[in-house]
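Visitor: The structure under discussion is supplied below as structure tokens; questions concerning it will follow.
The values are calculated or read from the model by the stated rules, or taken from the named source; none is laboratory data. On a predicted model such as this, the values are computed, not experimentally measured, just so you know. For neighbour counting, all protein chains shown are included, and Cβ atoms are generated from backbone atoms with ideal geometry for every residue, glycine included.
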Amino acid sequence: MRQIVLDTETTGLDPRHGHRIIEVACIEMENRRLTGHHLHKYINPEREIDEGAQAVHGISLEFLAEKPKFADVVDEFLDFINGAELIIHNAPFDLGFLNAELARLDRVPVETLCNGVTDTLRMAKDLHPGKRNSLDALCERYEIDNSQRTLHGALLDTELLAEVFLAMTRGQNTLMIEPDAAPRAQSGKGGHAIERKPLLVRRASDEEIADHERVLAAIDKETRGGCLWLAGKA
């Protein structure tokens, strides 16, 4: 089973008011295990970003000025999600923005290309009625480390959501990543050694690191030197 955990960041709260996507991230799972494949794009929204939205994700229009427009990444995005089940926290929000972007380009809605959508917010409300079910609250409930989530960011949020989803559906609090790699020995039944593949650490690309540094620099500028995540300020 191929599943895509997906998240977006936007210029505001409602695509019906002309708000646009500024970041989209997707990470792939096969048979409930991360494959190491992901898609992550910053996007020029071609409009201003609401002050409240920028306070949440810390992404400025200045940072996005040279990024591709949604039309430039749409084919790559649709190819990545095609045929997969989508896992989204508060799915109507992200789907509303994605389908608005696709409608501008005369493309079909997301739901016609994917193999169903699972809304983890709805799932969490069913499992934990009357409790807080934000991503941060779920990380705390399932003992998932979200200490790096000082601001909302689509890529980090998808990684956390993948762990939350597995925890909610299988009671598993850690996410196994088992791509092809050299095996290592572990004890099996009867004390016999068995082979298990090691975990793969997925490193950020040079482009993603550079994008991250530019986001931090933009936050530092907006806060007049108050960005604690820059090297030497923590």
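Visitor: Just need a number here: residues in region 104-139 that are acidic (Asp, Glu), at pLDDT 95 or above and either farther than 26 Å from residue 73 by Cα or assigned by TED's automatic domain parsing to the domain that holds residue 208 (or both).
Guide: Here the count works out to 1.
Visitor: A further question on this structure: When you go through (1) loosely packed, with under 15 Cβ neighbours inside 10 Å; (2) in a helix (DSSP H, G or I); (3) of a type outside the set (Asp, Glu) one by one for residue 129, which number turns out not to apply?
Guide: (2)
Visitor: Sticking with this structure for a sec: With the condition kept exactly as written, say whether any residue in region 143-154 is buried (at least 21 other Cβ atoms within 10 Å of the Cβ), modelled with pLDDT under 95 and either assigned to a helix (DSSP H, G or I) or of a type in the set (Asp, Glu) (or both).
Guide: Scanning region 143-154, I find at least one residue that is buried (at least 21 other Cβ atoms within 10 Å of the Cβ), modelled with pLDDT under 95 and either assigned to a helix (DSSP H, G or I) or of a type in the set (Asp, Glu) (or both), so the answer is yes.
Visitor: Given the residues 71, 25, which is the only one that is in a helix (DSSP H, G or I), at pLDDT 95 or above and not charged (D, E, K, R)?
Guide: None of the others qualify; the one that does is 71.
Visitor: Check region 45-62 and report whether any residue there is of a type in the set (S, T, N, Q) and either part of a helix (DSSP H, G or I) or not assigned by TED's automatic domain parsing to the domain that holds residue 93 (or both).
Guide: Looking for residues that are of a type in the set (S, T, N, Q) and either part of a helix (DSSP H, G or I) or not assigned by TED's automatic domain parsing to the domain that holds residue 93 (or both), one finds at least one in region 45-62, hence yes.
Visitor: Something else: Filter region 9-39 down to the residues that are under 15 Å from residue 80 (Cα atoms) and of a type in the set (Val, Ile, Thr), then identify the one that is surrounded by the most Cβ atoms within 10 Å (Cβ to Cβ).
Guide: 24
Visitor: Take residue 95 and decide whether it is under 22 Å from residue 138 (Cβ atoms), free of Cβ contacts under 8 Å to residues at least 60 places away in the same chain and among the hydrophobic types (A, V, I, L, M, F, W, C).
Guide: Yes; evaluated as a whole, the condition is true for this residue.
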